[in-house]
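Asks: What follows is a single structure, and I will ask about it in a moment.
FYI, it's all coordinate maths here, none of it is from the lab. Predicted model, so just to flag it, every value in this text is computed and none were measured. Please note: Cβ atoms are built from the backbone with ideal geometry, for glycine as well, and neighbour counts cover all protein chains shown.
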Ligand code: P6P
């Protein structure tokens, strides 16, 4: 019977968000409208990404198409779709995209109270070989009701109201937290709806996987090198961890969230602040990890406490299972004591 109920009681992301909204009677549904526009953008990108391979075959993606028009690269196309969808929602006032050097300030007639930071197509260098890629986003409320200013998107990650990602892989999976846990939805192409498939995701307290680009090993600092060594040659007789590294953040994070373990993009001599961007990679993924019972650390402090100084700032990041991150925090703390 339970299975039948599931089949007939379709919990779509729209219904889910409206249920959430009903907990705030004073809410006018602005957040639900905003999220629906983000979901719309993801559905479009999912369809475009799935066609990318085919499009390349018939000379569309990234080259001139049969009408001789220059076909936009998918990440540029995705960015335009999200910018337009977010502005047309009438609920945003500042947009920060990985694709745009400057923040977008929405014109007054279309302004709302939310600020959205996003990477429209993270890992897009992996499209041609068919590796999963994704959209990552975070949502802030403008700090006070007056004129939107850049400081409204330079808030610490702990001030985010919501964060999530959409992974374009073998299936299209939308993972979202609005601050009361993490839920995953899978796109049913026949309905064009995201259906709740992973209710209340909790990351295992400890994992058996570490995820890092070992190719950077020669540039790592002491604590990271010691931690990875421990993963490979545990001193306490426990079995070594498996290495899984896809090189597409959404895919690596999704696996970490579901299976447990730790994802590391440390600082190194080449990149003193690491590679990943604070606003639209580090903060949303750290927000999700904490909401799922894990944690996120920069090598110095809790990732969500970081206050960014510019919209494309980078930070080292260690996130995943609570106990695994504790171990690397201890190694950095010991290093701190020596200095
Ligand atoms: P590296 C993809 O280009 C990306 O921004 C993230 O999606 C991914 O986690 C990271 O870079 C991979 O970086 O240096 O290991 O290739």
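Asks: Using only Cα atoms, find the angle between the long axis of helix 30-57 and the longest principal axis of the chain, and express it within 0 to 90 degrees, rounded to the nearest 10.
Replies: So the inclination is approximately 80 degrees.
Asks: With a 10 Å cut-off between alpha carbons and a GNM built on the chain, which of 88, 286, 315 moves the most?
Replies: Evaluated over the chain, the most mobile residue of the options is 88.
Asks: Another question about this same structure. Give the angle, between 0 and 90 degrees and rounded to the nearest 10, that separates the Cα long axis of helix 222-232 from the longest principal axis of the Cα atoms of the chain.
Replies: Its long axis makes an angle of about 90 degrees.
Asks: On full extension of the chain, what length is gained from residue 149 through residue 10, given 0.36 nm per residue of separation minus the C-alpha to C-alpha distance?
Replies: Additional length available on full extension: 46.0 nm.
Asks: If N is the number of residues in region 161-246, what value comes out of its Cα radius of gyration divided by 2.2 N^0.38 Å?
Replies: Normalised Rg, Cα atoms only: 1.49.
Asks: Continuing with this model, one more query. Kirkwood hydrodynamic radius of region 183-222 from all distinct Cα pairs, in Å?
Replies: 14.0 Å
Asks: Further question: Most exposed first by the Cβ proxy, i.e. fewest other Cβ within 10 Å, how do 339, 229 rank?
Replies: Going from least to most buried by this count: 339, 229.
Asks: Another question, if that's okay. Residue 100 versus residue 333, label points 7 Å from Cα toward the beta carbon: distance in nm?
Replies: It is 4.2 nm.
Asks: Whole percent per 10 Å bin, from 0 to the bin with the longest distance: what is P(r) over all C-alpha pairs of region 212-309?
Replies: Taking every Cα pair in region 212-309, the percentages come to 14, 45, 36, 5, 0.
Asks: Let me test this: with uniform point scatterers at the alpha carbons of region 134-288, what is the Debye-based log₁₀ I(q)/I(0) at q = 0.14, 0.21 1/Å?
Replies: -0.82, -1.34
Asks: Per 0.36 nm of contour for each residue apart, how much would the distance between residue 126 and residue 158 grow if the chain were fully extended, relative to their Cα-Cα spacing?
Replies: Extending this stretch completely gives an extra 8.5 nm.
Asks: Quick one: among 279, 150, 191, which has the greatest mean-square fluctuation in a GNM of the chain with alpha-carbon springs under 10 angstrom?
Replies: 191
Asks: Let me know the volume per residue of the alpha-carbon convex hull for region 71-132, in Å³.
Replies: It comes to 89 Å³ per residue, whole-number rounded.
Asks: Write down the Kirkwood hydrodynamic radius of region 255-331, to one decimal in angstroms, obtained as one divided by the mean of 1/r over all alpha carbon pairs.
Replies: Computed over region 255-331, the radius equals 12.3 Å.
Asks: Related question: Let's test the formula: R0 of 56 Å, r as the Cβ-Cβ distance of residue 27 and residue 233. What FRET efficiency results, to the nearest 0.05?
Replies: Efficiency, from the Cβ-Cβ distance: 0.60.
Asks: Roughly what % antiparallel, to the nearest 5, for the DSSP beta bridges in the chain?
Replies: Of the beta bridges lying entirely in the chain, close to 80 percent run antiparallel.
Asks: Shifting gears a bit: Can you work out the PRE-style zone for residue 188? Point 7 Å along Cα to Cβ, and I want the residues of region 151-175 with backbone N under 18 Å.
Replies: Counting only backbone N, you get 171-175.
Asks: Translational diffusion coefficient, Stokes-Einstein: compute it for the chain using the Kirkwood radius over C-alpha pairs as Rh, at 4 °C and 1.567 mPa s, and state it as an integer in µm² s⁻¹.
Replies: After rounding, the answer is 62 µm²/s.
Asks: Sticking with this one: Regarding region 96-190, what is the average projected area of its C-alpha convex hull, in nm²?
Replies: 8.2 nm²
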